[in-house]
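K.L.:
Sending over a structure as structure tokens; questions will come in a sec.
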Amino acid sequence: MKLLGIIPARHASTRFPAKALADIGGKTMIQRVVEQARKADGLSRVVVATDHPEIFDHVRAFGGEVVLTGTHHQSGTDRCFEALQTLGESFDYVMNIQGDEPFIQPQQIERLASVLDGTTELATLVKRVEDAETLVNTSTPKVVLNARGEALYFSRQTIPFQRDAPPEDWLANHTYYKHIGIYAYRADVLAEITQLPPSSLEKAEALEQLRWLENGYRIRAVVTEFDSHGIDTPDDLRRVAARFLV
């Protein structure tokens, strides 16, 4: 399978403008993401997709591959599709690698790539929830799976709800999973889902993957032992840098 890794990196951000260019121990965030992605086996190319000339020039300067996309995209999925079209090369799958995960592990990318066999339409990573704080945190989407390891539903609420048990016993009674936001799309499916209008479930939860489920697409969920360390604010940056740059 020919697999393209795309790292969406937009410039505008309400909580952290130009975070892709933020310095983390002498390297920018986007450079660290590119370097981590390049360590993973299985990716044919790693390309940054950005909407801003400053990020474009910076990626070129450190030797990365980059394409300039529009500023109108509402999601990284849409930006990935434009980048794929711009490259003009045929790929079996496209992997959307988050541009604000400077310490993503190559094993996460390789784990997701391992299920891309031509029959998989869409795939993403999930991780077992291990603490009560994460279980009730509405900023951390949870996911329930079917017997084939496919996503049944994603929610910001805790799902499933255990009717006959107190919340403090839920983790002991059931295996809960949280969503790790890296996606793989079969190329033909990526073209299809970017043409779908926003769905009612997506609007309710503010989770774009519900649009795909609501329209009948199957999302393979792959369990990883590695956590997500996304950076949304300068405080996140200080916290994550302090953990990894020792």
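The numbers here are math on the coordinates, done by the rules we state, and not lab data. Computed from a prediction, not measured in an experiment: that's the story for all the values here. Glycine also receives a Cβ, built like all others from the backbone with ideal geometry; neighbour counts cover every protein chain displayed.
K.L.:
For S199, S155, what's the fewest-to-most ordering of other Cβ within 10 Å of each Cβ?
P.N.:
The order, fewest Cβ neighbours first, is S199, S155.
K.L.:
Whole angstrom only: what separates the Cα centroid of the range 82-105 from the Cα centroid of the range 145-223?
P.N.:
Cα centroid of the range 82-105 versus Cα centroid of the range 145-223: 21 Å apart.
K.L.:
Enumerate the amide H contacts of V66 below 5 Å, restricted to partners 5 or more residues apart or on another chain; note that Pro and chain-start residues carry no placed amide H.
P.N.:
Result for V66 returns V48.
K.L.:
Let me ask something else. Mind checking which lysines have their C-alpha under 19 Å from K27, skipping anything on the same chain fewer than 8 residues away?
P.N.:
K19, K39
K.L.:
In whole Hz, with x marking every Gly and Pro, tabulate ³J(HN,Hα) for the range 216-226 from phi via Karplus 6.51 cos²θ - 1.76 cosθ + 1.60, θ = phi - 60°.
P.N.:
For the range 216-226, the Karplus-derived couplings read x, 7, 9, 10, 6, 9, 10, 7, 10, 8, 8 Hz, x marking Gly and Pro.
K.L.:
Please enumerate, by chain and number, the lysines with C-alpha under 21 Å from the C-alpha of K203, excluding those fewer than 8 residues away in the same chain.
P.N.:
Cα-Cα hits under 21 Å: K142, K178.
K.L.:
Restrict the search to the range 1-89; then list the chymotrypsin sites (Phe, Trp or Tyr not before Pro) that DSSP places in a loop and that have at most 15 other Cβ atoms within 10 Å of their Cβ.
P.N.:
Here the sparse-neighbourhood loop sites are F62.
K.L.:
What ³J(HN,Hα) values, in whole Hz, does the Karplus curve 6.51 cos²θ - 1.76 cosθ + 1.60 give for the range 41-51 when θ = phi - 60°, with x put for Gly and Pro?
P.N.:
6, x, 8, 6, 8, 10, 10, 8, 10, 10, 9
K.L.:
Also, I was wondering about something else. Counting only other residues whose beta carbon sits under 13 Å from that of S139, what net charge do I get with K and R as +1, D and E as -1?
P.N.:
Value of the local net charge: 0.
K.L.:
What's the longest uninterrupted piece of the chain once you rule out the GluC sites (Glu not before Pro) that are loop residues per DSSP with at most 15 other Cβ within 10 Å?
P.N.:
Within the chain, the longest run free of exposed GluC sites (Glu not before Pro) spans 131-224.
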